[in-house]
Amino acid sequence: MPKLNLITPPDKLFNDCYGVLLVYPSDEIKNELQECIRLQNKDVNVYIFEPGEKEQDLDWLLSVCRLVDAVILNVDNCSPEVRKLASYIISKPNTYWLTNETNPLYTMLSVKQIYNLDFLKQEGILSEL
C-alpha cells in the first residue's frame, strides 16, 4: 500500500512524489481520490485547501498550484476570496475543475471540467504513479 502524505497550509513537501492539490473538495472527491491512490504502488502527496483556511494562506495556495502535478478545484464550494482566484487557477494546464453551474464561463479558459475523478484513469495520470 502506498504512503499518502496529507499536507495542509502552511506546509510543503519537496520530494519526488506525485502531487495533487484538492481545493475545497467534497467528501466524495476525497474518498474517490483515496480509493484511486490505494490501487497504486507509489507514494503521493495530497495537499488540501479547505474552508476555514486563513486569507494569508492564499499565497500558499498559489505556490502549491505550481508545485503539484494536478489541481482539483471545486468551484461551487470556494470561499469568496478563492473564487476571485478561480479563473487564474483554472487557466493553469494542470488544473481540473468541478461545478454544478450550467454553461460556466470557465469553459472559455479550460476544457478540463470534470464531474468525478475518472479522468485520472482515462488520461493515464494514475499509470504514471
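Number of Lys-Lys pairs in the chain under 24 Å by Cα, sequence gap 8 or more or different chains? Close lysine pairs found across the chain: 23.
Backbone geometry of the stretch 11-16 corresponds, through the Karplus equation with coefficients 6.51, -1.76 and 1.60 at θ = phi - 60°, to 3J(HN,Hα) couplings of 7, 8, 10, 10, 9, 8 Hz, x marking Gly and Pro.
Charge dipole (Cα centre; +1 on Lys/Arg Cβ, -1 on Asp/Glu Cβ; no other charges) of the chain amounts to roughly 260 debye.
Each Cα pair under 8 Å and six or more residues apart adds its separation to the average, and for the chain the resulting relative contact order is 27 percent. Which shape class applies to the chain: rounded if a/c is under 1.5, otherwise prolate when a/b exceeds b/c and oblate if not, where a ≥ b ≥ c are the square roots of the Cα gyration tensor eigenvalues? Note, shape of the chain comes out oblate.
Mind giving me the FRET efficiency for Met108 and Asp16? R0 is 41 Å, r the Cβ-Cβ distance, nearest 0.05 is fine. Calculated value: 0.75.
Here, each number is a calculation from the coordinates, and none is a lab measurement. Just so it is clear, the structure is predicted and the values come from calculations on it, not from any experiment. Backbone-built Cβ (ideal geometry, glycine too); neighbour counts: all protein chains shown.
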